[in-house]
C-alpha cells in the first residue's frame with residue numbers, strides 16, 4: 001500500500017433549496033455561515049477496502065484493515081491527521097477498543113497479541129486462548145474477557161496486566177460474551193441442552209443470573225435499557241414479505257413480557273423501546289413504533305414509504321433520540337434498484353411525531369451519519385457529502401473531493417472531524433467549525 005498524498009482544502013457551499021415542507025427555526029452549532037469554515041484536513045490514498053473491512057476507533061486516531069487474504073493491518077493516525085502503518089499479521093480473531101488492539105493469528109496459535117496504536121508496539125501477550133476464542137473489551141479498553149483453552153472465561157486488567165476473574169464453564173458453551181454498558185459488569189450468555197443461562201459477574205459483588213428454558217441456542221439480541229435493566233429478545237421470521245415475531249422476556253425477572261410483530265429493535269435514550277414493521281412487496285412501507293418497555297403500550301408511530309413509485313429504505317434515530325430520519329427509494333429509476341439511486345430523506349421531530357421536512361429525490365446510496373450532538377446529518381450525494389441541519393432539515397453545505405460514490409461516513413466522538421470513505425480508494429478527513 002502506497003504512502004498517502006497530502007491534503008487539499010476544497011469546500012463548496014451551495015444553495016440547494018429542495019425541501020417540500022415548512023421548517024422550524026432551531027439553533028444549530030453549525031450554520032450555513034459557519035459551514036464555510038469546514039476544511040479538508042487530509043486525504044489518504046490507496047484505501048481500497050470495503051466498508052466492512054476497515055474498522056475505526058471512536059476518536060478516529062487509529063484503525064484496522066482486513067484483507068480478503070486474512071491479513072490484519074494496524075494503523076495509527078497522527079496529529080497531522082495522516083495514517084501510519086504499524087504492523088501487519090495474519091489473524092482469525094481481532095478486536096479494537098480505544099487505542100488497544102488484540103488479535104489471534106490462527107487456530108493453531110493459542111497466543112493473544114496486544115498492541116498499542118499510540119506507541120506502535122506490542123506490549124502484552126497471553127498464551128492460553130482457545131483455538132477460536134471470543135474477545136470482549138469493556139467500554140474504556142481497560143479490561144478484556146476471553147475464552148481459554150481449558151474452557152474458562154478469564155478477565156484481565158490490561159494496564160496492570162493482571163488477571164481479575166476466572167469463571168469455569170462447567171460443560172456449558174459460551175454463546176455471547178460482553179461487558180454491560182454503565183456498570184462494566186461482565187455478561188455471559190451460556191448454553192446447555194436444558195436451556196440458556198444469562199449471568200453477570202461484577203467486580204463489586206453484584207452478581208446476577210437468569211435461566212430460561214428455550215429451544216434456541218442463542219438469543220438474537222440482548223438489549224440494555226438506559227437505566228441498566230435488560231431484556232431478552234428472540235426473533236423468528238415468517239416467509240419473505242411478512243413481518244417477524246419478537247418475543248421479549250425480562251432478564252432479571254422471569255416474567256414473560258410479550259410478543260409483537262417487528263424487526264429492528266432497540267432503546268431510545270428516554271427509555272422507550274423502538275421496533276419496525278414492514279408491509280407490502282419488497283417492504284414497500286415501514287411503520288416505526290415506540291413502546292413502553294414494561295407494558296409494551298404503543299406511545300408513537302411513524303409511517304413512511306408505500307406511495308408509488310417509492311418504497312421504504314432504511315431509517316435511523318439521532319444519538320439523543322429527538323430526531324428520526326427515514327429514507328425512501330424511488331422505483332422509477334431505470335433498471336430497478338442499484339447501489340446509487342434516487343433517495344429522499346424525511347426529518348421527523350420524535351416528541352411531536354411530526355415530519356419537519358422532506359428532500360426531493362437525490363442521487364444517493366443512502367449513506368448517513370449523525371453528529372454526536374445530534375445537530376447535523378451527513379449523507380452521500382453523488383460524489384459529494386451533504387450536511388444538513390438535523391433539527392430543521394435545512395441544507396448547510398456540500399463537501400467536494402471524492403471522485404467515486406461514498407460508502408461510509410463517520411463523525412469522531414467529539415464532533416470535530418468527519419471521515420468519508422469512497423470507492424475511489426481514498427479516505428478524507430474534514431474539520432468541523434470550532
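Tabulated data
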quantity: Cα gyration tensor, region 347-417 - rounded (a/c under 1.5), prolate or oblate; calculated: oblate
quantity: Cα-projected label distance for residue 52 with residue 80, points at 7 Å along beta-carbon direction, nm; calculated: 3.5
quantity: Projected label distance in nm at residue 330 and residue 292, using a 7 Å step from Cα toward the beta-carbon; calculated: 4.4
quantity: By average C-beta atoms within 10 angstrom, highest first, the peptides 47-54, 118-125; calculated: 47-54, 118-125
quantity: Point-to-point label distance, residue 307-residue 131, nm (Cα→Cβ direction, 7 Å offset); calculated: 5.8
quantity: Packing rank of 368-379, 68-79, where each peptide gets the mean count of other beta carbons within 10 Å, highest leading; calculated: 368-379, 68-79
quantity: Chain lengthening between residue 414 and residue 37 when straightened (0.36 nm per residue, less Cα-Cα); calculated: 134.0 nm
quantity: Highest-first arrangement of 317-324, 136-143, 265-272, where packing means the average Cβ count within 10 Å; calculated: 317-324, 136-143, 265-272
quantity: Region 365-398 and region 32-83: distance between their alpha carbon centers, rounded to Å; calculated: 19
quantity: Per-residue Cβ neighbour rank within 10 angstrom, fewest leading, 299, 175, 291; calculated: 299, 175, 291
quantity: Extended-chain gain in nm, criterion 0.36 nm per residue less alpha-carbon gap, residue 360 and residue 71; calculated: 99.8 nm
quantity: Anisotropy class of region 134-223 from Cα gyration tensor, a/c 1.5 cut; calculated: prolate
quantity: Taking N as its residue count, the alpha carbon Rg of region 11-431 over 2.2 N^0.38 Å; calculated: 1.06
quantity: Net lengthening on full extension, residue 152/residue 59 (0.36 nm per residue, minus Cα-Cα); calculated: 30.2 nm
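Taken together, the values in this text are just the output of simple stated rules run on the coordinates, not laboratory data. In this text the structure is predicted, and so the values were computed from the model without any measurement. A quick note on method: Cβ atoms are made from the backbone with ideal geometry, for glycine too, and the neighbour counts reach across all protein chains shown.
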